[in-house]
1. Mind checking the full-extension length gain between S164 and S145? Use 0.36 nm per residue of separation minus the Cα-Cα distance, one decimal, nm.
2. Can you give me the % of accessible surface on the stretch 26-109 that is carbon or sulfur? Probe 1.4 Å, all protein chains present, nothing else counted.
3. Round to the nearest 0.05 the FRET efficiency obtained for E99 and E132 when R0 = 30 Å and r is the Cβ-Cβ distance.
4. Which is the longest part of the chain that has none of the trypsin sites (Lys or Arg not before Pro) sitting in a DSSP loop with at most 11 other Cβ atoms within 10 Å?
5. Let's test the formula: R0 of 30 Å, r as the Cβ-Cβ distance of S83 and T114. What FRET efficiency results, to the nearest 0.05?
6. Report the gain in length on full extension from H183 to I24: 0.36 nm times residue separation, minus Cα-Cα distance, nm rounded to one decimal.
7. May I ask you to give the solvent-accessible area per residue for the chain, in square angstrom, as obtained with a 1.4 angstrom probe?
8. Per the 1.4 Å probe, what fraction of the accessible area of the stretch 133-188, in percent, lies on carbon and sulfur atoms?
Amino acid sequence: LKALPNKKVAIIGAGAAGLVTARILKRNGIEPIVFEKDNDMGGVWSYSPEGVNPMYRGLRTNLPRELMAYREYAWGGDGKTRSFVTHREVKDYLRRYTEAMDIERFIQYSSTVTKLEIIKKTECDNEEEEEEWPRIKLEWETTTSAKKEDIFDAVCICNGHYASPSNPIIPGVKEHFKGDVMHSISYD
């Protein structure tokens, strides 16, 4: 991070990974721009009964919150409250972390990144110059405006791996199974 002073850095996703990435960059003097496709932070922890997401109404974590907490922002350990918390409690923790670390101001909500392109060096660049990182062009759409684009020195991709379900092809399922087949992301 010391090699990136005065650099323009984008973060894709305002879930747990995107929030802590924004905090670390800010702590090192870099003010990132965080692109979040939804209208709230929290990523996978943003449960909506109408939406399609991997959360379900009665979900509790399978890790104790004391292990899930960020090192610089304690959570639990008081011996009075449950260690295995609900998705709402995780989301509330992430909200408090965002406020305490003053990173809300970096988040652009309802901003869906649609393209990431590495910009090649131009032919007029001097090959003897010290090697630099390539710049990156991002394009995104918002609910309030047309397509936008900007150039960044670095991009941190923190969109998680639950963004869209992966449905395996299982030979014979349609012919031999008469029940409903659904991905677990649709369970509530």
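1. On the way: separation 19, 0.36 × 19 = 6.84 nm, distance 2.46 nm.
Length gained between S164 and S145: 4.4 nm.
2. Values: 2420 of 4980 Å².
Using a 1.4 Å probe with all protein chains present, the stretch 26-109 comes out at 49 percent carbon and sulfur.
3. Values: r = 36 Å, r/R0 = 1.20.
According to the calculation, E is roughly 0.25.
4. On the way: sites that count: K2, R57, R71, K80, K120, K147, K178.
The answer is 3-56.
5. On the way: r = 40 Å, r/R0 = 1.33.
FRET efficiency, S83 to T114: 0.15.
6. Numbers: separation 159, 0.36 × 159 = 57.24 nm, distance 3.52 nm.
Between H183 and I24, full extension yields 53.7 nm more.
7. Heavy-atom accessible area per residue stands at 68 Å².
8. Numbers: 2530 of 4520 Å².
Carbon and sulfur: 56 percent of the exposed surface of the stretch 133-188.
The values are calculated or read from the model by the stated rules, or taken from the named source; none is laboratory data. What you see is a predicted model, and the numbers here were worked out from it, not measured in a lab. So basically every Cβ, Gly included, is an ideal-geometry build from the backbone, and we count neighbours across all protein chains shown. When the accessible area is computed, the model is the full protein with side chains, heavy atoms only, and any ligands, DNA or RNA have been set aside. Shrake-Rupley method; radii C 1.70, N 1.55, O 1.52, S 1.80 Å.
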